[in-house]
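*Asks:* Questions regarding the structure given below will be posed in turn.
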Amino acid sequence: MKFEITILGCGSSTPSLKRNPASQLVNICENYFLIDCGEGTQLQMRKFRIKFQRINHIFISHLHGDHYLGIIGLIQSMHLLGRKSDLHIYAHADLEELIQHHLNVSQSKLNYTIIFHYLNYEKKELIYDSKNIEIFSFPLKHRIPTCGFLFKEKMKPYKINAQKIKEDAVPYIAIQHMKTGKNYTDNQGKIFHYKNYTAPPAASHSYAYCSDTLYHPQIVEYINEVDCIYHESTFLEKDAERAKETFHTTAGQAAEIAKICGAKKLILGHFSVRYKNTEAFLTEAKSVFENTQLAEDGLVFKIY
């Protein structure tokens, strides 16, 4: 079992030798999800040995270049390497037009189908639902329409006590009921109480990605008590006015969001190129929220 985040780019605006523009790979039980796709993302995946043909879902927070300029190269490489399976892209409707324009002017036809899902920038919305995982988008406050993304595991099955099941000759069909926390009644009316044959399920975990945004405490209602939150921290507090002007957040403000929402861990990223060293971001955030770490290209954060 696995729930981890690989940082492919933790910088903002333009690439640098140390920090690529925004992108992350979320791996939940070997299901790969790409969040944002800044310039050079496919090279970062090669560098960190991530098989990008395993990615079936890409989430683009907004259409500033440092968050999506790598996607055209990526979808072209997927085509050239023989991809056949559908690719789902969750983004602003304008991205579909942009990608289609590229395909038209280059007279290209992909071997696979891209399925576009338009994001809602007004409210929290369920955008992906599988047996084990739910993914939500939620609105942020930036210069252009921008979404964050919340990845949540669904409740896991109750743990079956096999010995007790055997001792009481519990019908096999009852086990599936008990795994979901339900009692089972047989044809004779005998009730098998799930609490007698199970232990509580393992904890379900969650991860929130907060892309470019002004300090906006209202987002807490969307990500309350998340296990881990990645929050942009483009500036330090000494440049708070610049952060406000550009609809970005400081390290201290990001830490305040983590504290208010009851997160267990905070990851800072999207550092401005003006800062050569990021240690000051960690110091600033830790004064508000102790369990803070800095994103770094290639770093893997394990939720569990």
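The values are calculated or read from the model by the stated rules, or taken from the named source; none is laboratory data. Given the structure is predicted, the values throughout are model-derived calculations rather than measurements. Cβ: placed from backbone, ideal geometry, glycine included. Neighbour counts: every protein chain shown. Just so you know, the surface numbers come from the protein's heavy atoms only, side chains and all, with ligands and any DNA or RNA stripped out. Shrake-Rupley method; radii C 1.70, N 1.55, O 1.52, S 1.80 Å.
*Asks:* Do the conditions hold for Ser61, that is, is it over 27 Å from Lys124 (Cα atoms), out of contact with any Lys or Arg (no Cβ under 6 Å at 6 or more places or on another chain) and touching a residue at least 40 places away in the same chain (Cβ under 8 Å)? Can you show your working first?
*Replies:* Working: over 27 Å from Lys124 (Cα atoms): no; out of contact with any Lys or Arg (no Cβ under 6 Å at 6 or more places or on another chain): yes; touching a residue at least 40 places away in the same chain (Cβ under 8 Å): yes.
Criteria not met by Ser61.
*Asks:* Take Met45 and tell me if it is of a type in the set (A, V, I, L, M, F, W, C) and either on the phi > 0 side of the Ramachandran plot or out of contact with any Phe, Trp or Tyr (no Cβ under 6 Å at 6 or more places or on another chain) (or both).
*Replies:* Working: of a type in the set (A, V, I, L, M, F, W, C): yes; either on the phi > 0 side of the Ramachandran plot or out of contact with any Phe, Trp or Tyr (no Cβ under 6 Å at 6 or more places or on another chain) (or both): no.
So Met45 does not fit the description; no.
*Asks:* Lys156 is checked against (1) assigned to a strand (DSSP E or B); (2) open to solvent by less than 60 Å² (accessible area, probe 1.4 Å); (3) under 30 Å from Tyr197 (Cα atoms) and fails just one. What number does that condition carry?
*Replies:* (1)
*Asks:* Out of segment 282-304, which residues are surrounded by 14 or more Cβ atoms within 10 Å (Cβ to Cβ), under 24 Å from Met1 (Cα atoms) and either hydrophobic (A, V, I, L, M, F, W, C) or within 15 Å of the chain's Cα centre (by Cα) (or both)?
*Replies:* Ala295, Leu299, Phe301, Ile303
*Asks:* A further question follows. Tell me, please, whether a residue that is among the hydrophobic types (A, V, I, L, M, F, W, C), part of a loop (DSSP other than H, G, I, E, B) and either over 30 Å from Asn277 (Cα atoms) or modelled with pLDDT of 95 or more (or both) can be found in segment 200-208.
*Replies:* There is at least one residue in segment 200-208 that is among the hydrophobic types (A, V, I, L, M, F, W, C), part of a loop (DSSP other than H, G, I, E, B) and either over 30 Å from Asn277 (Cα atoms) or modelled with pLDDT of 95 or more (or both).
*Asks:* For segment 27-35, does any single residue satisfy the condition of being farther than 23 Å from Cys228 by Cβ and modelled with pLDDT of 95 or more?
*Replies:* Taking segment 27-35 as the starting set, the residues that turn out to be farther than 23 Å from Cys228 by Cβ are none.
Within segment 27-35, not a single residue is farther than 23 Å from Cys228 by Cβ and modelled with pLDDT of 95 or more.
*Asks:* For segment 240-281, how many residues meet the condition of being open to solvent by 40 Å² or more (accessible area, probe 1.4 Å) and closer than 16 Å to Pro21 by Cβ?
*Replies:* So the answer is 2.
*Asks:* Please go through segment 219-239 and give me each residue that is surrounded by 18 or more Cβ atoms within 10 Å (Cβ to Cβ), outside any strand (DSSP E or B) and acidic (Asp, Glu), ordered by number.
*Replies:* Across segment 219-239, the qualifying residue is only Asp227.
*Asks:* To continue, here is another question. For segment 246-281, what are the residues that are over 19 Å from His142 (Cβ atoms), assigned to a loop (DSSP other than H, G, I, E, B) and aromatic (Phe, Trp, Tyr)?
*Replies:* Tyr275
*Asks:* If I ask for residues that are charged (D, E, K, R) and either within 22 Å of Gln53 (Cα to Cα) or open to solvent by less than 40 Å² (accessible area, probe 1.4 Å) (or both), which ones from segment 88-119 would you list? Before you say what the answer is, go through the steps one by one.
*Replies:* Quick first cut of segment 88-119, residues charged (D, E, K, R) only: 94, 96-97, 109.
Result: Glu96, Lys109.
*Asks:* Could you please give the count of residues in segment 6-46 that are in a loop (DSSP other than H, G, I, E, B), touching a Ser or Thr at 6+ places or on another chain (Cβ under 8 Å) and open to solvent by 30 Å² or more (accessible area, probe 1.4 Å)?
*Replies:* The number of residues fulfilling the criteria is 1.
*Asks:* Restricting attention to segment 159-187, which residues are open to solvent by 80 Å² or more (accessible area, probe 1.4 Å), without any contact (Cβ under 8 Å) to a residue 12 or more places away in the chain and part of a loop (DSSP other than H, G, I, E, B)?
*Replies:* Asn187
*Asks:* Working carefully through the options Ile144, Ile115, find the one that is assigned to a strand (DSSP E or B) and among the aliphatic types (A, V, I, L, M).
*Replies:* Answer to the selection: Ile115.
*Asks:* Please indicate, with yes or no, whether at least one residue in segment 72-82 is under 22 Å from Phe52 (Cβ atoms), in a loop (DSSP other than H, G, I, E, B) and free of Cβ contacts under 8 Å to residues at least 60 places away in the same chain.
*Replies:* As a first pass, look at segment 72-82 and keep what is under 22 Å from Phe52 (Cβ atoms): 72-82.
Cutting the leftovers down to in a loop (DSSP other than H, G, I, E, B) gives us 81-82.
Add one more test, that the residue is free of Cβ contacts under 8 Å to residues at least 60 places away in the same chain, and what stays is 81-82.
Looking through segment 72-82, at least one residue is under 22 Å from Phe52 (Cβ atoms), in a loop (DSSP other than H, G, I, E, B) and free of Cβ contacts under 8 Å to residues at least 60 places away in the same chain.
*Asks:* How about segment 1-31: which of its residues are out of contact with any helix residue (DSSP H, G or I) (no Cβ under 8 Å at 6 or more places or on another chain) and within 16 Å of Ala295 (Cα to Cα)?
*Replies:* Glu4, Ile5, Thr6, Ile7, Cys10, Pro15, Ser16, Leu17, Lys18, Arg19, Gln24, Val26
*Asks:* Hey, among Ile135, Ile99, Ile115, which residue is modelled with pLDDT of 95 or more and closer than 30 Å to Lys244 by Cα?
*Replies:* Being modelled with pLDDT of 95 or more and closer than 30 Å to Lys244 by Cα holds for just one of Ile135, Ile99, Ile115, which is Ile135.
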